1. Lys53: which lysines have alpha carbons under 19 Å from its alpha carbon, excluding same-chain residues fewer than 8 sequence positions away?
2. Above 22 angstrom, tally the Cα pairs of region 56-199 and express them as a % of all pairs, no decimals.
3. Out of Ile121, Cys191, Met142, whose Cα points farthest toward the positive end of the dipole of region 115-224 (charges: +1 Lys, Arg; -1 Asp, Glu; placed on Cβ)?
4. In region 187-331, what is the volume of the convex hull around the alpha carbon atoms, normalised per residue and reported in Å³?
5. For the chain, with a Gaussian network of springs between Cα atoms less than 10 Å apart, report the residue from Asp198, Asp324, Asp85 with the top mean-square fluctuation.
6. If we restrict to alpha carbons, what Rg and Dmax does the chain come to, in Å?
7. With no solvent and one point per C-alpha, what does the Debye sum give as log10 I(q)/I(0) for region 1-122 at q = 0.13, 0.21 Å⁻¹?
8. Setting aside same-chain residues fewer than 8 positions from Lys335, which lysines have a Cα under 25 Å from its Cα?
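Every number here is computed from the coordinates shown, using simple stated rules; none is lab data. Everything numeric here is computed off the predicted structure, so don't read it as measured data. Quick reminder, even Gly has a Cβ in these numbers, built from the backbone with ideal geometry, and neighbours come from all protein chains shown.
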Amino acid sequence: MVDIKSMTPEELTAWLKELGEPAFRARQIFKWLYRGVTSFEEMTDLSKALRQKLEGEALLTPPTVARKQASQEDGTIKYLWRLADGNCVESVLMRYRHGNTVCISCQVGCRMGCAFCASTIAGKVRDLTAAEMLDQVLFTQMDSGAPISNIVLMGIGEPLDNFDTVLRFLTLVNCPDGLNIGMRHISLSTCGLTEKIDKLAQYELQLTLSVSLHAPDDETRSQIMPVNRSVGVEKLLETCRRYFDRTGRRVSYEYAMIDGVNDADWQADLLAKRLKGAPAHVNLIPLNEVEESCLKPSRRVASFQKRLEGHGVTVTVRRKLGGDIDASCGQLRRKEMNETHRQEKRG
Ligand code: SAH
């Protein structure tokens, strides 16, 4: 069985040719896939015979809504999707002035081990397919009725740890006959896998690279992000400078403010010093509390911001959306896992 929705238009055309079908069928089918059909039966302008043939040869893996939480405050909607194999991942729809944005997952779980993050607690189960990433965008759009114009790869998982598939996904959302979302409307967030950042740079994509920095010094960063133990801050920032040189795209740095861990004045000073030399943008994120972690949100966000700005750094503080619905990365999936676990114990 082929994963038909993970195919590019060219691959689909070649595959259908092997089945003895003319090229125009590929375009017809491709368009149907992006209308969110959940079976080949729904592709009503194809012959019955072809639909049956597709049924026998190709796989569709639409997700279903396992849970859905809508914020009363700002219209944010969080989806927990059940995938075809029973695993769950999350997406979040956020309504900004510049357009509706969906934050999607790229893996079931994560193996990066960041101390503050709910997604990584039970490790990584598997990578998502390009179709499963695509369907998060498509089905969020269909369920909510909100046309999606922006995508952020900031949900569960590490995009650069699923590199080839993420690249395929990016190609697919770009297709004019598909979602037709341009690279400038896409952000990809990474915990900082330097070799993969170098690899990504070679494609010279116009997307925004966000790097989860969270600390300017190795001692702190290694404590909260195990990935830092093999490649330290200095080398990471060098890689980001190379990325800018190659792509011309300013790198964005995420910095979740954690009480007593990374919010001291000296850390703001060091951060500013280390970011010198290439255009950068720092996004301060108020930490979302995770049940299983003892880390607390910082109370020094405003003064940290001021201090960075005093050094000439461009800083924004992320507006908190969906605070009433556990909208932080991986929390809804954790909840579902915990409850299923409790039920299993009881039963
Ligand atoms: N693996 C990628 C993308 C997923 S996480 C990465 O590390 O960037 C998306 C962003 O949310 C990252 O910046 C991550 O560090 C941040 N994040 C995770 N848990 C958080 C929490 N509890 N509070 C605030 N930000 C969090």
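1. Cα-Cα hits under 19 Å: Lys5, Lys17, Lys31.
2. Numbers: 3777 of 10296 pairs.
Above the 22 Å cut-off, region 56-199 has 37 percent of its Cα pairs.
3. The residue sitting most towards the positive pole is Met142.
4. Values: hull volume 16.2 nm³, N = 145.
Spread over its residues, the Cα hull of region 187-331 gives 112 Å³ apiece.
5. For the chain, modelled as a Gaussian network with Cα springs under 10 Å, the answer is Asp85.
6. Looking at the chain, its Cα Rg and Dmax stand at 21.2, 69 Å.
7. Log10 I(q)/I(0), no solvent term: -0.71, -1.16.
8. Qualifying lysines at Cα under 25 Å: Lys68, Lys78, Lys124, Lys296, Lys320, Lys345.
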